[in-house]
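Read through the structure below, which is laid out as C-alpha cells, and then see the notes.
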Amino acid sequence: MTIEKHDLHHEFPEYKDEIHHLKMNDAHFARLFKEYHECDHEVHRIETGAENTSDAYLESLKKQRLHLKDQLFSIIKKSQTVA
C-alpha cells in the first residue's frame with residue numbers, strides 16, 4: 001500500500017506561489033500552515049508504521065488535518081479575489 005503525501009503543495013499545486021506569498025506575509029496563514037504540516041507529518045508517521053496509536057486517535061488527527069486544510073484553502077481563495 002502506498003501512503004500518499006498530503007502536504008499543501010501536493011494538495012494544491014496550482015496555488016504554489018500564493019501559498020508561499022501567504023506564508024511570508026500573513027502570520028495567521030503561516031501559523032495554520034505550520035499546524036497543518038505538523039499534523040500531516042504525525043499522520044504520515046502513524047500510517048507508515050513509525051508510530052503506533054489507536055485508530056480513534058489517528059481518525060481525530062485526520063479530521064484536524066482536514067479542518068486545517070479547509071481553513072487554509074479558504075484563505076488562499078480569499079486572497080485570490082482580493083489580488
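The values are calculated or read from the model by the stated rules, or taken from the named source; none is laboratory data. It should be emphasised that the depicted structure is a prediction, and the values quoted were computed from it without experimental measurement. As a convention, Cβ positions derive from the backbone with ideal geometry for all residues, glycine included, and neighbour counts pool all protein chains shown. Protein only, heavy atoms only, side chains kept; ligands, DNA and RNA dropped before computing areas. Shrake-Rupley method; radii C 1.70, N 1.55, O 1.52, S 1.80 Å.
For the residues Glu14, Glu42, Glu18, Glu38, the requirement of being in a helix (DSSP H, G or I), surrounded by fewer than 11 Cβ atoms within 10 Å (Cβ to Cβ) and among the acidic types (Asp, Glu) singles out Glu14.
Scan segment 8-30 residue by residue and report those that are of a type in the set (A, V, I, L, M, F, W, C) and closer than 13 Å to Leu72 by Cα. If the condition is that a residue be of a type in the set (A, V, I, L, M, F, W, C) and closer than 13 Å to Leu72 by Cα, then Leu8, Phe12, Ile19, Leu22, Ala27, Phe29, Ala30 are the ones that fit. A Cβ distance below 6 Å, combined with a sequence gap of six or more or placement on separate chains, defines the contacts here; from segment 51-77, residues that are modelled with pLDDT under 95 reach residues that are open to solvent by less than 70 Å² (accessible area, probe 1.4 Å) and of a type outside the set (D, E, K, R) in the pairs Thr53/Ile46. Could you check segment 45-59 and list, in sequence order, the residues that are of a type outside the set (Asp, Glu), open to solvent by less than 70 Å² (accessible area, probe 1.4 Å) and not in a helix (DSSP H, G or I)? Gly49, Ala50, Thr53, Ser54, listed by residue number. Against the test of being under 25 Å from Asp17 (Cα atoms) and part of a helix (DSSP H, G or I), the options Lys77, Lys62 yield a single qualifying residue, Lys77.
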